[in-house]
Amino acid sequence: MKFPVQDYCSKLGWFLVSIPPGTKGPTKFGWQKPERALSDPEQARLYYEENPNHNVGLLHGASGTAAIDIDHVENTQLIFESLGIDFSELMQSAPQIIGRENRGKLIFKAPPDLITHKISWPVEGDPRKTEVVFELRAGSVQDVLPPSIHPDTGRPYEWAGRSIFDGLPELPPQLLTLWREWDRFRPQLQDICPWKKKAEFQPTRKPRPKGDSTSVIDKFNEAHDMHALLVQYGYKPTSRDRYLSPNSTSGLAGVKLFDDGRAYSHHASDPFDNAHTFDAFELWLQFEHMGNVQKAVKDAAQMLNVTQDPDHEYDREAIEHGAKVAARIMSTNKKKSQDNTTGDIPEHLLSVPGVLQDVVNYYTVSAIKPQPQFAVQCAIAFGSVSMGRRWVTDQRNFSSLYFLNIGETGSGKEHTKTVIEELLEQSGLEDLIGPAGYTSSAGVLSTLTKKPTHVSVIDELGRQLKAASAKGMQHKADAITAIMECFGRQDGTLRQQGYATNTMKSADAEKLEKVVKRPSLTLVGMSTPSEFMQAIGGGDVASGLLNRFIIVKSEIGVQMSQKKRRSSISDRLSSWAKDHARASEGDLDTGNSHDMPPHPLEVPFTQEAEDLLRKYEERLVNAIKKETGTGLEAMYNRSREIAMRLSLIVARSMGQDEIGVDAMQWSIDYVDYYALQTIEMFRANMAEGPFEAACKAVYARIEKAGLAGLTERELSRSVSAFANMDRRKRADILDALQTDRGIECRNQNEGAKGRPRFAYFSPPIN
């Protein structure tokens with residue numbers, strides 16, 4: 001062989017198997033065992049010098065590789081694009097092995113636990129025969145490598161596309177999901193075949209509410225387009241009859257719309273994944289009425305001006321089934337009319353350009369309670385601390401950023417801390433992990449002295465802000481002041497507050513005199529909405545603390561836990577983090593010295609990016625003028641600076657040596673969207689007094705409790721605004737809610753033995 005086969009072993013660490021001349025498969029017994037493969041470069045060289053006509057195969061499982069073996073390009077493209085996978089992008093992303101025309105293999109890096117799967121379609125025009133469309137090859141299988149000779153063509157196999165020595169790409173998350181959930185998706189792949197007369201898999205029609213004498217349900221289905229309703233409730237079309245579920249983390253389009261207007265879902269995360277088809281009314285029933293058939297039919301009759309039979313009896317099986325689907329919708333918090341999850345968020349802001357998207361993927365895969373918005377915040381924070389003091393724009397903007405994630409208790413916001421720390425540890429950058437908060441300004445300076453670049457993830461930041469405003473907590477207030485100062489000192493020097501040192505020991509005085517040059521603090525705070533809103537007031541908004549943060553409030557509430565999947569950092573992300581934390585030439589560590597900062601690498605703005613930034617600044621000036629006098633104008637004061645810092649991170653995530661239009665535009669969009677969201681949140685909070693806010697919080701909690709109800713004591717435990725009031729004000733709130741909102745107080749144990757339990761319930765639906 002002319003090709004140095006030993007390079008497969010020495011440069012890539014692959015395990016090779018010997019294949020007899022004129023064949024495509026090994027014949028020796030036990031060839032699948034790694035210990036019988038050729039893994040030593042010198043051994044491989046000697047073997048093929050002695051057997052130059054033998055072919056060579058790649059043993060996937062032992063080599064940590066996998067292949068997509070495409071037997072029919074057009075049909076494979078049809079399948080992948082129906083699933084929402086960009087086939088052209090996939091073909092360009094990986095090295096290819098070419099043996100025959102209209103066929104090829106894509107080689108990826110893959111986890112060792114995968115096995116081989118294949119999909120076959122009936123031959124067009126002759127359904128008695130089948131042909132393989134593609135194979136997902138992994139595990140104890142091999143694929144023939146160049147320069148082996150193809151036994152049918154007599155020509156050598158060839159490499160095409162991306163060079164194998166540039167580093168194999170990770171298997172895309174969509175394909176990894178398809179691989180691991182093959183049994184779930186295989187019927188859908190079969191069904192995609194356009195000439196298949198009868199699908200192997202025929203989903204059943206689920207029992208549905210029976211129409212009344214005037215066919216309310218049938219009339220609803222006639223009046224509503226199923227495609228339009230699917231799109232309305234967050235299902236994303238990827239082809240004429242395929243949709244991506246709004247809950248999907250796989251990116252595979254697992255919802256099919258049939259010609260009769262009914263749909264079927266293959267998505268495990270979708271509430272309609274129940275082996276039944278569903279129609280327009282059933283979709284509307286669940287998302288708008290949470291399975292309440294009686295209420296849905298009544299509203300539909302009113303909407304369509306149809307007279308409903310008052311004596312109509314509802315199908316019990318359908319009601320029970322609807323309740324199950326409704327429970328799934330509630331558990332995943334995807335009811336758009338109530339939760340508004342991520343439905344209104346621009347789609348491009350739910351992912352990060354470049355390599356930092358790997359953080360989003362890691363977060364999503366490993367989370368037991370997914371939070372798409374927090375996953376993006378997590379990715380940016382990881383980039384912020386990794387770049388630290390090492391990178392700067394030509395306008396002296398460093399990467400240090402502050403983040404605040406607001407979500408309900410039990411919603412999954414805590415996962416951010418886990419992901420950041422795990423990824424830093426896996427990258428060998430654990431020295432960048434800081435404390436979980438600061439109790440004083442001295443604590444801030446002391447930590448930065450030891451770790452001038454670090455990330456601090458603070459749980460319940462709202463509670464800490466509240467404590468800082470209390471009497472006798474000046475040390476906590478000083479910590480907040482130091483954090484504020486640190487934000488603007490990344491291109492300067494952070495010094496301790498002045499203290500009289502003449503009575504101190506020399507060692508203690510020396511500690512106070514320390515300074516930190518170019519401090520780089522990445523701060524990630526978390527809070528619940530109630531704790532946060534109680535902690536802030538107009539003064540806090542105007543003080544300049546909160547405008548230093550990118551504040552994201554998730555509408556995804558308390559979630560049921562999902563199965564946690566083990567994940568590991570991608571090689572490209574690990575390399576990126578290390579390279580950016582150790583960017584200066586000759587450095588072997590992160591340069592974490594408080595008084596000797598490294599010389600940063602400069603990334604300039606392009607003229608086009610500067611033009612975008614100038615237009616953004618003009619918008620900000622107009623917005624500030626508009627909000628003058630409201631107390632909210634301060635929230636715009638640092639938006640430009642934050643967008644510039646963010647664009648530095650995004651540009652390097654994209655592998656760019658200058659900040660171009662793409663990085664700048666995405667950063668402006670991100671900062672601007674959440675600045676506006678935050679201002680409206682503050683505006684609503686300022687508009688209602690403590691009493692109104694407490695009434696609102698108590699009613700929401702009672703409504704959420706449903707048939708279980710809540711006692712006054714239980715309300716005190718679950719609503720902090722209610723708990724902080726005296727008994728008289730609590731009584732006023734409960735009286736107001738009974739008068740204005742129709743809540744009821746009744747004894748749940750009436751007629752039963754034991755102590756009475758007086759609880760409050762939301763009004764019944766008539």
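Since every read-out is calculated from the coordinates, none of them should be taken as a lab result. Everything quoted here is computed from the prediction, not taken from an experiment. Methodologically, a virtual Cβ is constructed for each residue, glycine included, from the backbone with ideal geometry; neighbour enumeration extends over all protein chains shown.
Here are the numbers for this structure:
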| read-out | value |
| --- | --- |
| Nearest-20 debye value, the stretch 6-191 charge dipole, Cβ charges on Lys, Arg, Asp, Glu | 440 debye |
| Per-pair calculated FRET efficiency, R0 = 25 Å: ARG683 and LYS517 via Cβ, rounded to 0.05 | 0.05 |
| Signed unit charges on C-beta, dipole axis of the stretch 368-433, positive-most listed residue GLN395, ILE406, LEU424 | GLN395 |
| Pair ARG396, LYS28: separation of 7 Å Cα→Cβ label points (nm) | 6.6 nm |
| Where labels lie 7 Å past Cα in the beta-carbon direction, separation of ARG757 and ARG572 in nm | 5.5 nm |
| Spatial extent of the stretch 6-191: Rg and Dmax, with the Cα atoms as the point set, Å | 16.7, 52 |
| Virtual spin-label span in nm between GLU602 and THR739, 7 Å along Cα→Cβ | 6.9 nm |
| Linear extension gain, THR493 paired with ALA708, 0.36 nm per residue minus alpha-carbon span | 71.7 nm |
| Within the stretch 33-79, GluC sites (Glu not before Pro) in DSSP loop having at most 14 other beta-carbon neighbours inside 10 Å | none |
| Segment GLU131-ARG728, length gained on full extension (0.36 nm per residue, minus Cα span) | 207.2 nm |
| Cross-link table LYS413/LYS578; LYS625/LYS696; LYS413/LYS553, entries beyond 21 Å C-alpha to C-alpha | LYS413/LYS578; LYS625/LYS696 |
| Relative contact order (percent, whole number), the stretch 67-206, Cα cutoff 8 Å, 6+ residue spacing | 28 percent |
| Per-pair calculated FRET efficiency, R0 = 60 Å: GLU101 and GLN294 via Cβ, rounded to 0.05 | 0.45 |
| Gain in span if fully extended, ARG155 to HIS348, counting 0.36 nm per residue against the direct Cα distance | 64.9 nm |
| Proximal charge balance of LYS553 [Cβ under 11 Å; K/R count +1, D/E count -1] | -2 |
| Chymotrypsin sites (Phe, Trp or Tyr not before Pro) lying in DSSP loop within the stretch 1-63, provided at most 12 other Cβ fall within 10 Å | PHE29 |
